[in-house]
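Student: Submitted below is the structure of interest, expressed as structure tokens.
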Amino acid sequence: MVRWLRRFRARIRYRHFEGDLQAEIETHRSLLQDDLARSGADNEAARAAAARALGNVTLQREQARGVWLAPWLESLWQDARYGVRSLRRSPAFSLAALATLTIGLALATMMFTAFSVFALNPWKVAHTRGLAQLRLEGGPPDRQRGFSLADVEDIAARSRTVSAIGAYRIVYLRVTPSRAEESDHVAAQYVTPGFFDALELRLALGRNFRPDENHAGAANRVAIISHGMWQRRFGGVPDVIGRPIFHGNDAYTVIGVAPKGWNGPAPYAYELWLPLESLRDSRPDDDVFSEAAGRCCVSVITRAVPGVGPDRVADELTTLLRQRWQRPDERDRRVRAETATFVGGAGARLVLPVLVLAATLIILFLASANLAHLQLARSLSRAREIQTRLALGASRARIVRQLLTEALLLSLVAGAASLLLTYTLSGVLMTVSETRSPELWTPGPAVSVFCFATSALMSVFFGLAPALRSTRVSLVLGAGRTATPAGRLAHGLVLLTTQIALSLSLVAGASLLTRGIQHAMDLDVGYPMREVMVATVRPAGSDEANRAAAPGFMGALASALASSDLPPVAFADFPPLTVDISTRVHRGGETKRDDRSVSVVGLSPNGFDVLGIPIVEGRAFTAGAGEVVVNQRMARLLWPDSTALGQRIIEGDRTYTVVGVSRDVHYASLDRIEPTLHLPTRPGLYPSMLLRSHDAGAADRIRAIVAAIDRRAALSITQASDNLTTKLSDQRGLALAAWGAGLLGLVLASCGVFGVFAYIVEERRREIGIRLALGAERRQVLGALFRTTRLAILGGFTLGLLLSLLAGPLLRQFLYGLSPFDPTAFAIVAIVLAAAGFIATFIPARRAMAVEPMIVLKEEG
Amino acid sequence: MPRSSPDILPGTLDLLILRVLTRESMHGYGITQRLKTLSNDVLLVGESSLYPALQRLLLNGYVDAEWAASENNRKARYYTLTKAGRKQLASERAEFDQLVTAIQHVLNHA
């Protein structure tokens, strides 16, 4: 330790240290000379003899110094400083290389971060040992292959290796702690009581579900909320247990709060847990409630009895379930118990990591290839320097090391930059992946190690080949400047083609998505939706009280509205573009087996008038008469050959008569128009008020009216078009991601074009000079240069265009009727690419143009 | 050119320098001269071994160095034995004696 301090001090006071050594050896020499002179030699002879005796003074100093400072370390330091200087001498190269590296590394680092979040992180539970996610494999390729609730019950009853078993299903819900407030869109898990048992999770407050609460139609509906939701929506009040939380008009009683920072086992941030059976109330037909063994749809986790490994659990459960699998071809199936990592939970056990890895490798490979080109171009222009050093006696290894040090320097700086970038963008990653656990996304030690190790590896990858090539020993000074083997360039051109094609199709996708959003914003939904104001009442009382009070409230509201000077007000079970609710119906004369799924919209009879949805045939329904209106699509679907009017429709045990056909409009969803059944609003609920108004005054009057009837009721008033914006936010995220990836790819491709071009220009400097000297015009020379890369660029464009035309239709559901071959979108692509191409070729082309024939010819002399 | 004699056992030079310095502070040239005289011109230590050895001793903290005027008024760097140096000398000397005895024993009785 002390020795290292001394060493360090010597390094810091390097000049002083060096001076001491030099002076000391000089003293030694003069003392020796004195002695020699004393013994009779004359002054000159003594000086010469002393110098001879001493030999190579510099070498001796080096050796003495070597005791203190490891020579290799010193020369590394020298290399680094030399590298910094030479990088600073060519800022364009350095910047391009840094940009390429940083982008490549940042992408790789982010992907690795994502990979580590999903694949490497164990579930957030105290003990992961014994916790497993069950999966079925083998057997016939069923569309449905998974566990049903019956399987779960069977395992719970009979298994000896499993101490707790839980099933869950993920659903997105809008919930709010009080009807006065806006509701949150949250991810919820419907779970069996065994879920928390299997996780061995200790709740921060309250208790787990009891088995008797896991029932459909339970009188007291219960919920467990996340710590975050408790803090955010309940202000963290200590008596949150027992308070209600609302999903639509249903109230749930909070019975527990999850521990702080715990949002479910996976990185997706779940905020709410509900008993699985209560899903029957809202979705009685959900797949979850199908009975077939081994052919369903709940995710299952188990906690093994202590000391029992996952394989034994899997074996036992396979045996148990085989007794229930009826089809003979199901006998080959097996249960697998997989460790509780996020990937295991997400269900894409191998696909995701492999995809991530492949994408990362491709990006890194492309970036490295780009850099190798840049390096090669640069080493050509440094050929003179390198050959001079070789001629002066530097060993080839020494110069290769020097060049590699430069490469390493670049990639380490890029590594640090990309780590910083990843850190900054971790918020974006979190949003894109719908996970809200910042601590997961902040690059930790593993990610940092990955980043720097990759950057070091990359420096070898892109630095070694050019370094070896440029130091190939040649006898004639400057003879390194020979033509490149065509193969190397051709291979670069193939890379370039791929890069251009890929980034073009990404940009095209992004452009299409953006246009799709724009198109959707302007989309004609079929009625003047943008003029519609939505007012939703949330009464304050308990569920039952509210249900009882609803008719009175609605009656008072309707008459107050009618006597006000407001424009006509309609009621709807839910406002336009919020949710798409479906039901199953069959025609009169058919049976339940012929049920088909249709969308259902609850409206008051005047709704068609108020919203401006035209009735093309018949009339609007009247309330309470069992009448319905269907849209054109449904009429065509059910009665293609006759009129829909007067036909009967059966939903469950209710029979309706069709009295009207309405025009197809986008009411529930934006991307398509489903066959839709319009029903009168259901009594006992608090439907939303819809009116054609933009007027803040109208909103105030509605507030006054509602307050006059029920002072405690809360009211939220929005424009229907706000829902459109919310609906499109997902697509916006997708478009943003595509733009990001596309532009990054484009930058990489541009760097590639730049590199290849720079290489060609540098390599053909002499030729350019001679041509110019012989009277060629600069324009012609440029043309000759472009010819080399023309094939690659044109090929890349064609391939990219082809790819994007093929991929366009895949995006159709995000385009809202916009053509996947939208000319505007492709015009944007053309502009972006032209700009990138111009930038990538401009600098090297300018450099080629700056070639002075006289200088080149002199260099040759 | 005087070279460090190959007969000096590895590591012995440090020991010799430490021993020479026990009597008084000396500069590099003085040390070579003293070694030469004491060994009856057998041990000719070259600069290329001397100075790395001195640096090694400095690094290990066995000697201190400071600049002072030499006998004929030249500025020279004088090396002084430190406490750690004395301790090191004692232990190295014991080891060396042991080694020499062992070698002698082998040579005499083999």
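Student: Ignoring ligands, DNA and RNA, what percent of the 1.4 Å accessible area of the protein assembly as shown is carbon and sulfur? Mind dumping the intermediate values first?
Tutor: Numbers: 27760 of 46830 Å².
Result for the protein assembly as shown: 59 percent of the exposed heavy-atom area is carbon or sulfur.
Student: A further question on this structure: Can you say what percent of the DSSP beta bridges in chain A, counting only those with both residues inside, are antiparallel? Round to 5.
Tutor: That works out to approximately 75 percent antiparallel.
Student: Loop only by DSSP, 12 or fewer other Cβ within 10 Å of the Cβ. Give me the trypsin sites (Lys or Arg not before Pro) in segment B:3-110 that pass, ordered by residue number.
Tutor: Details: sites: B:Arg3, B:Arg19, B:Arg23, B:Arg34, B:Lys36, B:Arg56, B:Arg74, B:Lys75, B:Arg77, B:Lys83, B:Arg86, B:Lys87, B:Arg93; in loops: B:Arg3, B:Arg23, B:Arg74.
Passing both the DSSP loop test and the Cβ count: B:Arg3, B:Arg23.
Student: Ignoring ligands, DNA and RNA, how much accessible area is buried between chains A and B, both sides summed, with a 1.4 Å probe, to the nearest 100 Å²?
Tutor: Its buried surface, counting both partners, is about 2300 Å².
Student: Next question, about the same structure. In terms of Cα to Cα distance under 20 Å, which aspartates and glutamates are near enough to B:Lys87, apart from those fewer than 8 places away along the same chain?
Tutor: Hits, sequence-local ones excluded: B:Asp14, B:Glu24, B:Asp64, B:Glu95, B:Asp97.
Student: Measuring with a 1.4 Å probe in the full set of protein chains, what accessible area per residue, in whole Å², belongs to segment B:12-109?
Tutor: 55
Student: Any residues in segment B:33-76 that have 30 Å² or more less accessible area with all protein chains than in their chain alone, probe 1.4 Å, and which are they?
Tutor: B:Glu47, B:Ser48, B:Tyr51, B:Pro52, B:Gln55, B:Leu59, B:Asn60, B:Trp67, B:Asn72, B:Arg74
Student: Further question on the same structure: Using Cα centres only, tell me the gap between segment A:782-861 and segment A:593-654 in whole Å.
Tutor: Centre-to-centre distance over Cα atoms comes out at 54 Å.
Student: Roughly how many debye, to the nearest 20, is the charge dipole of chain A about its Cα centre, given +1 on each Lys and Arg Cβ, -1 on each Asp and Glu Cβ, and no other charges?
Tutor: 3360
Student: If you take every residue apart from A:Ile828 with its C-beta less than 12 Å away from the C-beta of A:Ile828, what net charge results, scoring Lys and Arg +1 and Asp and Glu -1?
Tutor: 0
Student: Check each of the trypsin sites (Lys or Arg not before Pro) in segment A:557-657 and keep only those in coil by DSSP with at most 14 other C-beta atoms within 10 angstrom; list them in order.
Tutor: Passing both the DSSP loop test and the Cβ count: A:Arg619.
Student: While we're looking at this one, here's another question. Could you do me a favour and compute the accessible area per residue for chain A, 1.4 Å probe, result in Å²?
Tutor: It amounts to 47 Å² per residue over chain A.
Student: Something else: So for segment A:744-861, averaging the separation of alpha carbon pairs under 8 Å that are six or more residues apart and normalising by length, what relative contact order in percent results?
Tutor: 57
Student: Checking the cross-link filter: which aspartates and glutamates have an alpha carbon closer than 12 Å to that of B:Lys75, excluding same-chain neighbours under 8 positions apart?
Tutor: A:Asp20, A:Glu24, A:Glu26, B:Glu66
Student: Within chain A, which is the longest segment that contains none of the GluC sites (Glu not before Pro) sitting in a DSSP loop with at most 16 other Cβ atoms within 10 Å?
Tutor: Between exposed loop sites, the widest span is A:591-776.
Student: I need to check one value: relative contact order of chain A, counting alpha carbon pairs closer than 8 Å and at least 6 residues apart, in percent.
Tutor: Relative CO of chain A lands at 15 percent.
Student: Let me ask you something else. Which whole-number percent of Cα pairs in the protein assembly as shown have a distance greater than 59 Å?
Tutor: 38
Student: Percent of alpha carbon pairs in segment B:12-109 separated by more than 17 Å?
Tutor: 55
The values are calculated or read from the model by the stated rules, or taken from the named source; none is laboratory data. Just so you know, these numbers come straight off a predicted model, no measurement behind them. We place every Cβ from the backbone using ideal geometry, glycine too, and count neighbours over all the protein chains shown. Ligands, DNA and RNA are excluded from the accessible area calculation, which covers all protein heavy atoms including side chains. Shrake-Rupley method; radii C 1.70, N 1.55, O 1.52, S 1.80 Å.
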